[in-house]
Amino acid sequence: MVSFSRFRDLRLPAALFGAALLGACQATPQLTLSSAPAYSPEWCAAAKSLAANSGSNLFATGRCHELGIAGFAKDENLYLFYYTQGARWGSLQAAEALARLGQPVPDADLQAEARYRADRRQADAAMAAAISGRANPPGPPRPAPMTPTVQIPNTTFQPARIQPTPMRPAPSLTIPTQSTQQQGRTTTQSRRECVNGVCKTVTTTCVNGNCTTTSQ
């Protein structure tokens, strides 16, 4: 018969071992990255798992490949790729690494695009909150805010009001009745003018440069 009395003294070490094992299972890449020695295999693995959309972790992963850390092939294509992506996400260290290796340094376009999308999402959320009424809940009257508010258009149907058209005087109409006649130095010209339906004949006579106008 096996006696377990001799295992009583092992209870405390076993408990400590279980706690350590549980803590190791619950360790996160962020915890490993902050606690493990830099550029150790576990540190590099944690940096690679967090490399997506992170310029600093992309640079760290590329550096692990350049150094040939265990589990990270020392492949120029790999660490140049990670350095390039890190520079596009705004990592100055990645940009300096590319310059050191004689490679072109790209702009931080991915970082700018991410900021633009974040600003758009924030603006859309603020607009949705303002429209639904959550941005300014009902309460006592308050002074007008300094920032512009969203004005909700009135969707109630209202028939259009027909404004009377003001009467305008009829335009004057000039109808020439006969062409200019010239006899010697005497010139006579007649025309017919109609205003509001009333017509009259206007005659202009010029004798040696002196003109007179008569209407009938």
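The values are calculated or read from the model by the stated rules, or taken from the named source; none is laboratory data. Everything quoted here is computed from the prediction, not taken from an experiment. Ideal geometry is used to build each Cβ from the backbone, glycine not excepted, and the neighbour counts take in all protein chains shown. To get the accessible areas, we keep the full protein, side chains included, count just its heavy atoms, and leave off ligands, DNA and RNA. Shrake-Rupley method; radii C 1.70, N 1.55, O 1.52, S 1.80 Å.
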Of the residues in region 85-100 that are of a type in the set (A, V, I, L, M, F, W, C) and open to solvent by 60 Å² or more (accessible area, probe 1.4 Å), the one that is nearest to residue 53 (Cα to Cα) is 92
Return the residues of region 32-60 that are more than 32 Å from the chain's Cα centre (by Cα) and buried (at least 22 other Cβ atoms within 10 Å of the Cβ); say none if nothing qualifies. 44, 46
Selection from region 42-69 of residues that are in contact with a Ser or Thr (Cβ under 7 Å, 6 or more places away or on another chain), under 15 Å from residue 88 (Cβ atoms) and in a helix (DSSP H, G or I): 55, 56, 58, 59
